[in-house]
Amino acid sequence: MTGYKRVLLKLSGEVFGGGQVGVDPDVVQKVAREIAAVARAGVQVAVVTGGGNFFRGAELQQRGMDRVRADYMGMLGIVMNCLALQDFLEKLGIETRVQTAITMGQVAEPYIPRRAIRHMEKGRVVIFGAGMGMPFFSTDTVAVQRALESRCDVVLVAKNGVDGVYTADPNVDPSATKFDDLTYDEAISRGLKIMDQTAFALCGENKLPMVVFGMEPEGNILRVVEGERIGTLVSAG
């Protein structure tokens, strides 16, 4: 028996690029295998990805580009990640639908929450693309908003290079300690940089739990979904 029935998985864009600009097919194939295992276990899956392997609006702004235009470029980068993930999932026999917040009829459906829920009920993986469709919103906030609107049980935040929430960045501070459990209020008051404050506030207000965990070793996504205690559980308390 699985721990969750419907989950939203948040992946960073950097995962798709394997640390480089663009898409690394080997990495995307590995991520698709993990998601396929979850879908085959009978769990309904939605996915939100970032686009940092192509563009980051805030960084482009620092280099002199208009923030609004830079953010829209970032949203288009996210759609490229979504299509790559869809392709590898369907090669594994997993029916997949991409829904985008910016209309692009040739490659994806428009974002329609009720339709997304229906797809998941039919066992299809739904990938939400193009962020919120508006500038100034991070994909962290998008992940929480989409999870709430599609009535997911939990937001799963898969991280690269870190296996949960720590008191400080463990890659910088060797004395940092990991939290097994944390409340949103504690995370905000401690200034922990797991997700942006808007995403935290949305989760806290709506009592939506979040699990932050590492992508390694392979199979971790399924372990979390089945209720195994890995990573950090963040809840309203």
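Counting only lysines at least 8 places from residue 207 when in the same chain, those with an alpha carbon closer than 20 Å to its own are 5, 10, 193. With the charge dipole of the chain set up from +1 on Lys and Arg Cβ and -1 on Asp and Glu Cβ about the Cα centre, the Cα lying farthest toward the positive end among the listed residues 107, 48, 188 is that of 107.
Just to confirm, what accessible area per residue do you get for the chain at 1.4 Å probe, in whole Å²?
It amounts to 47 Å² per residue over the chain.
Note on residue 92 and residue 235: their simple-model spin labels are 2.9 nm apart, each label 7 Å out from Cα toward Cβ. Our estimate of slack between residue 218 and residue 62, defined as 0.36 nm per intervening residue step minus the Cα-Cα distance, is 52.6 nm. Taking the centroid of alpha carbons for each part, the stretch 1-48 and the stretch 79-151 are 12 Å apart. Along the axis of the charge dipole computed for the stretch 1-138 (Cβ charges of +1 for Lys and Arg, -1 for Asp and Glu, origin at the Cα centre), the listed residues 75, 58, 89 are led at the positive end by 89.
Taking θ as phi - 60° and the Karplus parameters 6.51, -1.76 and 1.60, the scalar couplings of the stretch 125-140 work out to 7, 10, 10, 8, x, 6, x, 8, x, 9, x, 6, 10, 7, 6, 4 Hz in sequence order, x denoting glycine and proline. A quarter of the convex hull surface defined by the alpha-carbon atoms of the stretch 41-133 gives 6.2 nm² as the mean projection. Within the full protein context, the accessible area of residue 4 is estimated at about 50 Å² for a probe radius of 1.4 Å.
A 1.4 Å probe over all protein chains sorts 183, 167 by accessible area into 167, 183, starting with the largest. Within the accessible surface of the stretch 136-176, defined with a 1.4 Å probe on protein heavy atoms only, the carbon and sulfur portion equals 49 percent. Across the stretch 105-212, counting alpha-carbon atoms alone, Rg and Dmax equal 15.8, 51 Å. For the chain, the antiparallel share of DSSP beta bridges with both residues in that region comes to about 15%. Segment residue 112..residue 189, full-extension length gain: 24.2 nm, with 0.36 nm per residue of separation and the alpha-carbon distance subtracted.
The values are calculated or read from the model by the stated rules, or taken from the named source; none is laboratory data. Predicted model only: the values in this text are computed from it and were never measured. Using ideal geometry, Cβ is built from the backbone for each residue, glycine included, and neighbour counts are taken over all protein chains shown. These area figures cover heavy atoms from the full protein model, side chains too; ligands, DNA and RNA do not enter into them. Shrake-Rupley method; radii C 1.70, N 1.55, O 1.52, S 1.80 Å.
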